[in-house]
Amino acid sequence: MLNKFDIQIREGQEHAVIETAGYLNDALGEKLSEKARELIQNGHTQLVINLEQTTLINSIGISILIEIIEALEEREGTLNFCGLSATQERTFRMMALAKYAGIYPDEESAIANL
Amino acid sequence: MSLEHKVLLTIPMYPDMELAAAKTASVLAELMDFEEGQVEEIQLAIIETCINAFEHSQSDDNAVHIEFLLSEDQLQFKIMDRGIGITPDILDGSRLLGTPGVHPDLRKRGRGLQIVRSLMDEVDIESSSNGTTVSVIKRKSRRTA
């Protein structure tokens with residue numbers, strides 16, 4: 001079970017899932033960015049970020065997600081999101097994240113569409 | 001809720017104190033029977049408005065003053081600081097563009113007020129050298145029986 005503010009990593013053979021919990025602000029965002037960069041450096045260029053237990057995402061958190069999208073593009077990787085609330089999905093679409101990353105309802109479909 | 005009620009809150013400009021404002025807004029919106037999605041929209045709007053005040057106001061009292069006005073069909077909140085005021089380039093985010101990324105539409109900063117405007121029904125900003133007041137209104141969505 002995730003703590004109130006936490007990050008969990010699940011590594012598959014060809015992909016990795018990062019699950020965050022809590023308020024995605026600059027502090028949690030930096031932890032997320034660090035984990036994503038470690039995974040990318042270790043060759044995981046197919047990533048899923050599961051936000052199901054992420055209660056709120058502010059614009060600084062979104063800017064860090066954009067940095068992860070850009071880091072993956074440099075390695076020709078793919079990023080899919082899952083577990084977004086309706087408001088989070090609407091915000092991601094407005095801020096153009098949905099143009100460069102996939103949005104799926106659950107982790108299974110996000111992995112299947114990498 | 002038939003009468004208009006007022007709730008006042010002052011938060012210090014410390015990291016994550018915007019969550020205190022968001023939690024208060026959430027409780028009030030739930031009491032007013034806003035839909036779950038709208039409660040989240042209100043929380044996000046108040047977080048972004050507070051963060052803007054934290055980052056740009058440079059106020060001497062290091063505080064954000066929030067006034068919630070609750071009425072039958074809408075929640076209004078006014079977020080006030082006693083800082084130096086904000087300029088048009090902060091309002092539209094152009095000052096915070098920084099180094100352009102790979103995709104120009106993926107702007108990393110300066111999108112807070114755009115988010116607020118997209119989620120709320122009315123947003124009004126008054127700013128001077130004595131401070132800034134952002135007034136926001138969210139109306140309850142009409143439910144079908």
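Read-outs throughout are calculated quantities, based only on the coordinates presented, and are distinct from any laboratory measurement. As the structure is a prediction and not an experimental result, all values here were calculated from the model. Quick reminder, even Gly has a Cβ in these numbers, built from the backbone with ideal geometry, and neighbours come from all protein chains shown.
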Check: Once amide H atoms are built 1.01 Å from N in the peptide plane, which residues 5 or more positions from B:MET13, or in another chain, come under 5 Å H to H?
Finding: B:ALA63, B:VAL64
Notebook entry, point to check: Counting other Cβ atoms within 10 Å, which GluC sites (Glu not before Pro) in segment A:19-114 have at most 12 and lie in a DSSP loop?
Noted result: A:GLU76
Next item on the list: Only bridges with both residues in the protein assembly as shown count here: give the DSSP antiparallel percent, nearest 5.
Entry: 70 percent
Next item on the list: Please give the average number of partner chain Cβ atoms lying within 10 Å of the Cβ of each residue in B:36-42, rounded to a whole number.
Entry: 3
Check: Considering only the other residues whose Cβ falls under 12 Å of the Cβ of B:ILE11, what net charge follows from Lys and Arg at +1 and Asp and Glu at -1?
Finding: -3
Margin query: I want the antiparallel fraction of DSSP beta bridges within segment A:8-114, as a percent rounded to 5.
Written below: 20 percent
Next item on the list: Please find the FRET efficiency linking B:ILE137 to A:GLU74, where r is the Cβ-Cβ separation and R0 is fixed at 51 Å, and quote it to the nearest 0.05.
Entry: 0.75
Notebook entry, point to check: Hey, got the dipole for segment A:1-103? About the Cα centre, +1 on K and R Cβ, -1 on D and E Cβ, debye to the nearest 20?
Noted result: 300 debye
Notebook entry, point to check: Which residue, A:GLY43, A:GLY29, A:GLY83, has the most motion in a Gaussian network model of chain A that connects Cα atoms within less than 10 Å?
Noted result: A:GLY43
Next item on the list: Find the relative contact order for chain A and round it to a whole percent, using C-alpha pairs within less than 8 Å whose residues are 6+ positions apart.
Entry: 24 percent
Check: What shape does segment A:62-114 take by its C-alpha gyration tensor, where a ≥ b ≥ c are the square roots of the eigenvalues and a/c under 1.5 counts as rounded, a/b above b/c as prolate, and the rest as oblate?
Finding: oblate
Item checked: Residue-count net charge about A:GLU107 - beta-carbon cut-off 13 Å; Lys, Arg +1, Asp, Glu -1 -> -3
Notebook entry, point to check: In a solvent-free Debye calculation with one equal scatterer on each Cα, what is log10 I(q)/I(0) for segment A:1-69 at q = 0.25 Å⁻¹, listed in the order of the q values?
Noted result: -1.12
Notebook entry, point to check: B:ASP121 versus B:THR10, label points 7 Å from Cα toward the beta carbon: distance in nm?
Noted result: 3.1 nm
Check: About the Cα centre of the protein assembly as shown, what is the dipole size in debye to 20, counting +1 per Lys and Arg Cβ and -1 per Asp and Glu Cβ, all else neutral?
Finding: 300 debye
Checklist line | Phi-based couplings in Hz for segment B:129-138 (Karplus 6.51, -1.76, 1.60; Gly and Pro marked x) | finding: 5, 9, x, 10, 10, 10, 9, 10, 10, 10
Next item on the list: Provide the net charge surrounding A:ASN58, with neighbours chosen by a C-beta distance below 9 Å and charges set as Lys +1, Arg +1, Asp -1, Glu -1.
Entry: -3
